[in-house]
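The values are calculated or read from the model by the stated rules, or taken from the named source; none is laboratory data. Since this is a predicted model, take the numbers as computed values, not measurements. Every residue, glycine among them, receives a Cβ derived from its backbone with ideal geometry; neighbour counts consider all protein chains shown. Side chains included, ligands, DNA and RNA excluded: accessible areas come from the protein's heavy atoms. Shrake-Rupley method; radii C 1.70, N 1.55, O 1.52, S 1.80 Å.
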Amino acid sequence: MDILINLIIVLLTAYCFIICFRNKEGVWSLQSGHRALRFFTILSNLLSAFASLVALFLLRKGGLPHGVWLLKYIGTASVTVTFLTVMVFLGPTMGYKCQLEGWSFFLHVVGPLLAVISFCFLERTWPLSFAVSLLGLLPVVLYGILYLYKVVIAEQWEDFYGFNKNGKWKTSFTAMVIGTFLVCILLWLLCRI
């Protein structure tokens, strides 16, 4: 079952990322694919898919090697943040329809849920300690710094997530870090069931 879930994550994420290389007119465009890499949704799902791909090659009867298992955890935490951000913030502010239609449904819902099922219930190779669970904060903190630089300081990206609306990037950044911390606790608890 775990092999199947990891395979689905890899194949459907690859499909969704390939679609990103088509512009609004449906023409293949390297620029469109490059532009898609600005979004945490894309980055978190690519990280999760990469971890699943590595797991497919290294999954043994005894489970995953520790490094791969950690990578799977960090990828799972990232896409869980994506899921909850859509459900709690982006859906209410931008509309659930645009967040959940087409291939976005896989990236925002299906992929994250499959990652949680795979990691928390099928890949219990190593015990997830509370301290190790905090590694799930890394992608959000790193992306938050990048987003802050690109949107607020350098003004190279538009504020596509609305995190700097009315100059409230400090509040948004703090909320995302606290929210991710809660995600880490949730995954830690799920792994203890």
**Asked** Quick check: anything in segment 49-56 under 28 Å from Val151 (Cα atoms) and open to solvent by 60 Å² or more (accessible area, probe 1.4 Å)?
**Response** yes
**Prompt:** Of the residues Leu46, Leu11, which single one is free of Cβ contacts under 8 Å to residues at least 60 places away in the same chain, among the aliphatic types (A, V, I, L, M) and under 25 Å from Leu137 (Cα atoms)?
**Reply:** Leu46
**Prompt:** Given segment 116-193, what helices (runs of 4 or more DSSP H) lie entirely inside it while holding 1 or more residues that are of a type in the set (Val, Ile, Thr) and open to solvent by less than 30 Å² (accessible area, probe 1.4 Å)?
**Reply:** 138-147, 169-190
**Prompt:** If you take the residues in segment 1-38 that are β-branched (Val, Ile, Thr), within 17 Å of Ala51 (Cβ to Cβ) and open to solvent by 50 Å² or more (accessible area, probe 1.4 Å), which one is nearest to the chain's Cα centre (by Cα)?
**Reply:** Ile8
**Fill in**
Apart from one, (1) under 27 Å from Lys170 (Cβ atoms); (2) out of contact with any Cys (no Cβ under 9 Å at 6 or more places or on another chain) all hold for Val132; the odd one out is (1)
